[in-house]
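Written below as structure tokens is the structure these notes are about.
Derivation of every value follows stated rules applied to the coordinates shown; laboratory data play no part. Since the structure is predicted, the reported quantities are computational estimates derived from the model, not experimental observations. No Cβ is skipped: glycine too gets one built from the backbone with ideal geometry, and neighbour counts run over all protein chains shown.
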Amino acid sequence: MVFGEKKQVKTENPHKSIEINAEMHGSLAFKDPVDLKINGIFSGSLDVRGTLSIGVNADVQADINGDNVIVAGKVKGNIRVTKMLTCMPTAVVNGDIYTPKLNIVEGAIFQGACHMSVSEVSEWMNIKELASYLELDEAVIGELVNTGKIPVVREGETLKFERSQIDHWAVSGIVK
């Protein structure tokens, strides 16, 4: 053969695809990117790298952290997104949203406060979210705060942790 042998090029989606069509309760956290689709009932907490799609018939009662989130069903809880949040015409969102980019399609219902940051890097977490992010108990985080070993911003009684500062703190080797 003049041009050589034909080779098939295998293209794979780098993200794993997971679809939930049932009722689930608990916490789901993914460190690696996934394409998660929820079409059933879910309550608890979701931490998704990649894309999270909430289907038209889905009923989700959870705080959500994700890269890209597309809502077509019902969500009750706060949504924190690092890239983009899209609310489709059938979406009903009750909770505060934190996102650098937002697309609310005509017909969607949103009840809550919207916080849009200019930078995707600056994301604020409360003590519960930080404990989940670092996979530590909240009591351990409280001890780190009380001893001044972790970067924190105090606003009255509220403690806020900036993800970029926490990431820098964690890789600096100060974590014991």
> Over 21 Å between Cα atoms, which of K37/K83; K31/K83; K101/K128; K16/K37 qualify?
Replying inline: K101/K128
> Build a GNM of the chain with springs between Cα atoms under 10 Å: which of V140, V48, V152 gets the top mean-square fluctuation?
Replying inline: V140
>> Cβ neighbours within 10 Å, averaged per peptide: list 68-77, 162-171 in order, most packed at the top.
In response: 68-77, 162-171
